[in-house]
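Chemist: Right, I'll just put the structure down here and ask away after.
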Amino acid sequence: MKTKSVRLHELNKERQAKSKIIAVMNNKGGCGKTTTALALGMYLARTGNNVLFWDNDPQSNLTQRLALADDIQKSDRLHKLFKNPESPITAVKIVKYPYLQRISKTINGVGKIGLMPGSHYAENAADSLARDFQMGSIYEDEIGFASIHHFFKNHLDSYRKYYDYIIIDTAPALEGNILNKLAIRATDEVIYPIDGLEAGLGVRQILNWMEVQTKDSETHPNALFTMVKYQIDTKNIADNNGMTKYHRNSVYRVFKDAFQDFVCDNGVREKRKLRASLAGFGGRTDYTGLCEEITVHMHSDRENIFDFIKQTDAVQEVETGLALIEAKVRKRRPKFFIPKYIPGPVDPVKLEDAKSSGMAE
């Protein structure tokens, strides 16, 4: 079956200059990375922007959510990019959804949607290429790249001519994951979904990791924290101006107090109906408000999060606040004991004697 081609015209210089590469990251699995990436990309496409979904997770959940099954065209996926760096062949596909609706009051129609399909073999292929660079099997004067990071970023940047936004979905891993290292060095913005206490506890780890990975880069990516898939609400409270403000939950308040404008006020509560659907294809959901806010933040003239961290105790404040929440949550925690392994079968008489003498529990 012959695949139809779709024309994609180069964006004007103004749109190219405003283009952004966005990575959705969190070291915790199941916290809403793929759904947030999907919802954000679909929202941006529905407002007339060209969007390229880039599936950097070997599990390829984003690819599956976009309806490209694992057993279709396995060769035309992300791992192909790393197989032949001298002449990288694009595996990007244009995806057209007949039921995707533009958001009302949007001047333009729905933008073009591209997909770099994920691959279960991408991490191994990238690791292999990185070793080739390190061992000198690939020479810069032959292909024009000094490292796999330079190669990946250059290739990703080449798509800015055609897409307003490139959204990278990432794996729930940091240290040792070559695909996440490539993503963080190529991105302009990191979206950090938080679904609860456990996802928030890793904030110091991911911020430290981001800074280490990008320390030699000319610019650091910025970051936004978003509350998604949260389950427990708090009551409405009044802000300093007496206006009623709806706060997500205690984890949200800890992050908002510490990181201020780096935390989105809009959130997405866990709903079975929303979870079961493909977020963002039509109508207005909690994700719509969140994506609107993310877009405003990304294009605002705001401080970089690494500069903010150096000037404040935000990370320590978050850790202290979350520790208090954790203490409340785990009041009735189990007790833990060191096991003593006793060979041979249990002697009921000796066991009863030990219990009566207080030597056994």
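Chemist: If you go through the range 62-70 one residue at a time, do you hit one that is at pLDDT 90 or above, small (Gly, Ala, Ser) and out of contact with any Lys or Arg (no Cβ under 7 Å at 6 or more places or on another chain)?
Modeler: Scanning the range 62-70 turns up no residue that is at pLDDT 90 or above, small (Gly, Ala, Ser) and out of contact with any Lys or Arg (no Cβ under 7 Å at 6 or more places or on another chain).
Chemist: Taking the range 285-329 as the region of interest, how many residues are among the polar types (S, T, N, Q) and surrounded by 16 or more Cβ atoms within 10 Å (Cβ to Cβ)? Before the answer, list the steps.
Modeler: Of all residues in the range 285-329, those among the polar types (S, T, N, Q) come to 285, 288, 295, 300, 304, 311-312, 316, 320.
So of that shortlist, the ones also surrounded by 16 or more Cβ atoms within 10 Å (Cβ to Cβ) come out as 285, 288, 295.
Residues that pass the stated criteria total 3.
Chemist: So, in the range 128-166, how many residues would count as being surrounded by 14 or more Cβ atoms within 10 Å (Cβ to Cβ) and in a loop (DSSP other than H, G, I, E, B)?
Modeler: Final tally of qualifying residues: 6.
Chemist: Working carefully through the options ALA45, ALA125, ALA69, ALA39, find the one that is without any contact (Cβ under 8 Å) to a residue 12 or more places away in the chain and either among the hydrophobic types (A, V, I, L, M, F, W, C) or crowded, with 19+ Cβ neighbours inside 10 Å (or both). If you could, list the steps in order and put the result at the bottom.
Modeler: Values: ALA45 fails: without any contact (Cβ under 8 Å) to a residue 12 or more places away in the chain; ALA125 fails: without any contact (Cβ under 8 Å) to a residue 12 or more places away in the chain; ALA39 fails: without any contact (Cβ under 8 Å) to a residue 12 or more places away in the chain.
Result of the check over ALA45, ALA125, ALA69, ALA39: ALA69.
Chemist: Do we have any residue at all in the range 23-36 that's more than 20 Å from the chain's Cα centre (by Cα) and buried (at least 20 other Cβ atoms within 10 Å of the Cβ)?
Modeler: Among the residues of the range 23-36, not one is more than 20 Å from the chain's Cα centre (by Cα) and buried (at least 20 other Cβ atoms within 10 Å of the Cβ), which makes the answer no.
Chemist: In the range 175-204, what residues are within 22 Å of GLU218 (Cβ to Cβ) and assigned to a loop (DSSP other than H, G, I, E, B)?
Modeler: THR187, ASP188
Chemist: Cβ contacts < 6 Å: first residue modelled with pLDDT of 75 or more, restricted to the range 307-336; second residue in a helix (DSSP H, G or I) and of a type in the set (Val, Ile, Thr), any location; separation 6+ or different chain. Result?
Modeler: Close Cβ pairs (under 6 Å, with a partner that is in a helix (DSSP H, G or I) and of a type in the set (Val, Ile, Thr)) amount to VAL318/VAL203; VAL318/VAL254; GLY321/VAL254; LEU322/VAL254.
The values are calculated or read from the model by the stated rules, or taken from the named source; none is laboratory data. It should be emphasised that the depicted structure is a prediction, and the values quoted were computed from it without experimental measurement. In this analysis, Cβ positions are derived from the backbone assuming ideal geometry, glycine residues included, and neighbour counts consider all displayed protein chains.
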